[in-house]
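Trainee: Sending over a structure as structure tokens; questions will come in a sec.
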Amino acid sequence: MAERKNTEFNRPGGYAMPTGATALQARDAKSYLDADIRLFGDAVDAHTPKKPRSLKPKHETKNPHTQVIIGDCRDVLAHLPSKGDVDLIFADPPFNWDVPYENWDDGMARREYERFTFDWLDGCIDALAPHGSLWVNIPDDTAAEIVVHLKRRGLTMINWCVWHFRFGQNRSSSFIMSKVHALYFCKNSATRIWNGDDILELSDRAAIYSDPRTMAKDTNKGMRVPMDVWYGKYWGRIQGNNKERRHQHHNQIPEVYLERVIKACSNEGDLVLDPFLGSGTTCTVARALKRRSIGIEYSAVNAKSAWERITKVGMIQRDSTGPQSSAIFEPRRTKRTALATDQDA
């Protein structure tokens, strides 16, 4: 259906602006709390959190305060001293793809895995501050269940982003998987932390077309907030001889991914938490960006390796400076730019 011209709105161009998905979801968030929405994992009893023998961090340092706690995140989150005060949570859980993690069953029956997922998600929700945000990195087979569960817990979905990479694992029986979902939820869309200006990239208008209109803006000339499909330089899977690679770790996420999330959804001095620390990317980037952080890790071996990265290796310094472009076409030589180039010559 063609967009209807509307002259009743005081907006350049005169077109009506829709309310938008975020505003509608925020409006309807509480209604999900009373909805009878059932998922496969609901048939399994919820985990009863056990108080850990000690919540004392196995590894800890200051400036900014950084902690790594060993244990089952479902138990640690339930008894965390900072429960209810966490500004940002980023979770990259086990995918249940039968990866040989140390002392962890990554091949649970489906309904047990869903119950496990709901349990740690609930722990994260309770740990968040009222203005807090939750990001979950998850593949296709569990993304829908996580979205539904978070909605029925009353959270608002801000974005369903996609991390796209070119080097998916080769297969011939189906399309090659080249993405993972980055689900962005919050408790309160009106009070959440959002720093759009801190994550700007070059717009296609600037990078491809040299459009003077984007340079005529009062602020952020030639720039835009990134789109919800993420790709580009340094955004590939971390493998092989990549400088960020931590050997003996699985499913490592690029630092630029966490840099975008942490810059956008927290401020310096805020508290960032990762319930599945793994190779330590979240705390490494949070520390570089002057955020306090807590990493929870089930494996003491992984925690030790992650801590070495967090405190001794640090975030990898890249050779690029300034905002990047995610344009997929080369810059075009328009009549305007050609004329300007000829005049300069």
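Trainee: In region 189-206, what residues are in contact with a helix residue (DSSP H, G or I) (Cβ under 8 Å, 6 or more places away or on another chain), in a loop (DSSP other than H, G, I, E, B) and not charged (D, E, K, R)?
Mentor: Taking region 189-206 first, the residues in contact with a helix residue (DSSP H, G or I) (Cβ under 8 Å, 6 or more places away or on another chain) are 189-190, 192-196, 198-199, 203, 205-206.
From what's left, in a loop (DSSP other than H, G, I, E, B): 189-190, 192-195, 203.
Residues satisfying the conditions are 189, 190, 193, 194, 195, 203.
Trainee: Only helices (runs of 4 or more DSSP H) wholly contained in region 244-345 count here; list those with 3 or more residues that are of a type in the set (D, E, K, R), at pLDDT below 95 and in contact with an Asp or Glu (Cβ under 8 Å, 6 or more places away or on another chain).
Mentor: none
Trainee: Sticking with this one: Suppose the filter is surrounded by 18 or more Cβ atoms within 10 Å (Cβ to Cβ) and of a type in the set (Ser, Thr, Tyr); does residue 299 pass it?
Mentor: The answer is no for residue 299.
Trainee: Here's something else I'd like to know. So residue 265 clears everything in (1) closer than 19 Å to residue 128 by Cα; (2) out of contact with any helix residue (DSSP H, G or I) (no Cβ under 9 Å at 6 or more places or on another chain); (3) surrounded by fewer than 24 Cβ atoms within 10 Å (Cβ to Cβ) except one condition, right? Which one?
Mentor: Only one criterion in (1) closer than 19 Å to residue 128 by Cα; (2) out of contact with any helix residue (DSSP H, G or I) (no Cβ under 9 Å at 6 or more places or on another chain); (3) surrounded by fewer than 24 Cβ atoms within 10 Å (Cβ to Cβ) is unmet by residue 265, namely (3).
Trainee: So, in region 230-241, how many residues would count as being touching a residue at least 24 places away in the same chain (Cβ under 8 Å) and either in a loop (DSSP other than H, G, I, E, B) or farther than 22 Å from residue 252 by Cα (or both)?
Mentor: 8
Trainee: Also, quick follow-up: For the subset of region 124-156 comprising residues that are in contact with a Lys or Arg (Cβ under 7 Å, 6 or more places away or on another chain) and not in a loop (DSSP other than H, G, I, E, B), which member is nearest to residue 77 (Cα to Cα)?
Mentor: 127
Trainee: Sticking with this structure for a sec: Of all residues in region 111-142, count the ones that are surrounded by fewer than 18 Cβ atoms within 10 Å (Cβ to Cβ) and either touching a residue at least 60 places away in the same chain (Cβ under 8 Å) or more than 23 Å from residue 49 (Cβ to Cβ) (or both).
Mentor: Summing the residues that are surrounded by fewer than 18 Cβ atoms within 10 Å (Cβ to Cβ) and either touching a residue at least 60 places away in the same chain (Cβ under 8 Å) or more than 23 Å from residue 49 (Cβ to Cβ) (or both) in region 111-142 gives 7.
Trainee: Something else: Hey, does region 160-177 have a residue that's within 30 Å of residue 34 (Cα to Cα) and touching a helix residue (DSSP H, G or I) at 6+ places or on another chain (Cβ under 6 Å)?
Mentor: Checked region 160-177: no residue is within 30 Å of residue 34 (Cα to Cα) and touching a helix residue (DSSP H, G or I) at 6+ places or on another chain (Cβ under 6 Å).
Trainee: What's the number of the only condition in (1) surrounded by 18 or more Cβ atoms within 10 Å (Cβ to Cβ); (2) assigned to a loop (DSSP other than H, G, I, E, B) that residue 176 fails to meet?
Mentor: (1)
Trainee: Still on this model: Just the residues that are part of a helix (DSSP H, G or I) and free of Cβ contacts under 8 Å to residues at least 24 places away in the same chain, please, taken from region 207-229.
Mentor: Scanning region 207-229 gives 213, 214, 215.
Trainee: Here's another thing I want to ask about it. So residue 193 fits all but one of (1) surrounded by 20 or more Cβ atoms within 10 Å (Cβ to Cβ); (2) in contact (Cβ under 8 Å) with a residue 60 or more places away in the chain; what number is the exception?
Mentor: Going through (1) surrounded by 20 or more Cβ atoms within 10 Å (Cβ to Cβ); (2) in contact (Cβ under 8 Å) with a residue 60 or more places away in the chain one by one, residue 193 breaks only (1).
Trainee: Same structure, new question: Residues that are touching a residue at least 40 places away in the same chain (Cβ under 8 Å), hydrophobic (A, V, I, L, M, F, W, C) and more than 24 Å from residue 188 (Cβ to Cβ): which strands (runs of 3 or more DSSP E) entirely in region 18-103 hold 1 or more of them? Outline the logic, then answer.
Mentor: Values: elements: 59-61, 66-70, 86-91.
Counting at least 1 such residues, we get 66-70.
Trainee: Report, by residue number, each residue of region 236-262 that is in contact with a helix residue (DSSP H, G or I) (Cβ under 6 Å, 6 or more places away or on another chain) and under 18 Å from residue 169 (Cα atoms).
Mentor: 253
Conditions tested, residue by residue: (1) farther than 30 Å from residue 26 by Cα; (2) aliphatic (A, V, I, L, M); (3) touching a strand residue (DSSP E or B) at 6+ places or on another chain (Cβ under 8 Å).
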position	(1), (2), (3)
172	yes, no, no
181	no, no, yes
193	no, yes, yes
199	no, yes, no
213	yes, no, no
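Trainee: Of the residues 75, 87, 45, which is modelled with pLDDT of 95 or more, over 26 Å from the mean Cα position of the chain (by Cα) and charged (D, E, K, R)?
Mentor: 45
The values are calculated or read from the model by the stated rules, or taken from the named source; none is laboratory data. What you see is a predicted model; the values in this text were computed from it and never measured. Every residue, glycine as well, gets a Cβ built from its backbone with ideal geometry; the counts of neighbours run over all protein chains shown.
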